[in-house]
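Following: one structure in structure tokens, then a few remarks.
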Amino acid sequence: MMWPPPPPSSDPWATGPAPDPDADGAPVDQPAVEPVAEPLWEPLADPVADSGPDEFAEPIEQPVEQSIEQPVEPEYAPEPPPATGWAPESSAPPPVVPRSQVAPPQQKKPKWLIAAAIAGVIIVGIAAWLLIPSGGDDDGGAAATTTTPSNTADPEAEAELRALFPRGYTPDACELQTPPTGALAEASCGANTDPGGPPAATYTIAADDTALDTAFNDVVEASTIVTCPGNIQSPGPWRRNATPQKVSGVLFCGLQGSRPVVAWTNTDDSLIAVVKAGAQGPTLDQLYTWWSSHS
């Protein structure tokens with residue numbers, strides 16, 4: 001077999017037939033022709049056949065991710081330390097784990113102690129309220145002063161009262177007194193020297209009509225009501241002979257104990273008079289007769 005083989009007849013790269021060594025004649029000198037490399041003819045790969053599965057291919061194992069919620073246990077768990085002492089591989093003491101501060105349980109106080117404390121607070125409050133004077137500002141003090149009745153006599157009212165005394169009294173028979181609540185002036189008198197005159201009497205000027213009515217009603221309530229001599233209503237209105245059409249005030253006849261009492265009001269002068277009999281008289285008729293001529 002010749003190498004390289006002769007090219008095919010259809011090869012465009014062929015240079016001609018090879019010389020025959022056995023042919024006659026001298027060889028003809030021809031220039032040397034360099035051999036040309038021929039392409040290797042190889043069968044083309046079948047894409048369909050090559051795309052089939054590899055019988056010997058093994059599946060590649062892919063790592064499966066673990067769920068986030070599942071705890072991942074450590075690959076290596078350290079051995080627990082011994083029950084007592086330190087770990088054999090360490091010379092340091094074990095770490096101190098702080099404990100949460102737990103408040104100690106509160107002890108319940110006895111009910112009687114709580115009740116006693118409440119009672120003590122109430123007692124202290126009541127005592128403070130009773131001992132501390134009421135009112136702290138100037139306005140409150142001024143308001144209290146205006147509402148409290150004054151016991152100081154009015155000089156003008158006292159002068160007016162002296163002018164209203166019935167006749168029959170001596171200059172020193174009557175003495176001014178501290179006026180009671182609702183009065184401007186008051187006087188207590190001794191015996192009246194006129195016939196049938198009372199041995200004791202009280203004359204008062206009231207501050208207003210309401211105070212006058214209150215003082216008169218107090219006398220009535222403290223006495224036993226009787227009809228005035230001459231079958232005169234008691235208590236009832238009375239009139240002066242000079243002005244019979246005008247009511248001058250209210251007349252009352254009564255008894256305090258066994259002693260006669262005659263009382264009357266004079267609305268024009270805000271005057272209330274109370275005259276009383278003594279142990280030796282006069283009688284109710286005598287006392288009423290004296291009033292008729294001295295009112």
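No lab work stands behind these numbers, since they all come straight from the coordinates. Keep in mind it's a predicted model, so treat the numbers as computed, not measured. Ideal geometry is used to build each Cβ from the backbone, glycine not excepted, and the neighbour counts take in all protein chains shown.
Summary table
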{"item": "Nearest-20 debye value, the stretch 155-293 charge dipole, Cβ charges on Lys, Arg, Asp, Glu", "result": "580 debye"}
{"item": "Computed label-point distance, nm, for sites Glu175 and Arg239 using a 7 Å Cα→Cβ extension", "result": "4.1 nm"}
{"item": "Per-q log10 I(q)/I(0), the stretch 155-293, q = 0.12, 0.15, 0.18, 0.21 Å⁻¹ (Debye; single scatterer per alpha-carbon; no solvent)", "result": "-0.44, -0.71, -1.06, -1.46"}
{"item": "Potential lengthening between Ile118 and Val247 on full extension [0.36 nm per residue; Cα-Cα distance subtracted]", "result": "40.0 nm"}
{"item": "Compactness of the stretch 153-217, expressed as Rg and Dmax over alpha-carbon positions, Å", "result": "12.1, 34"}
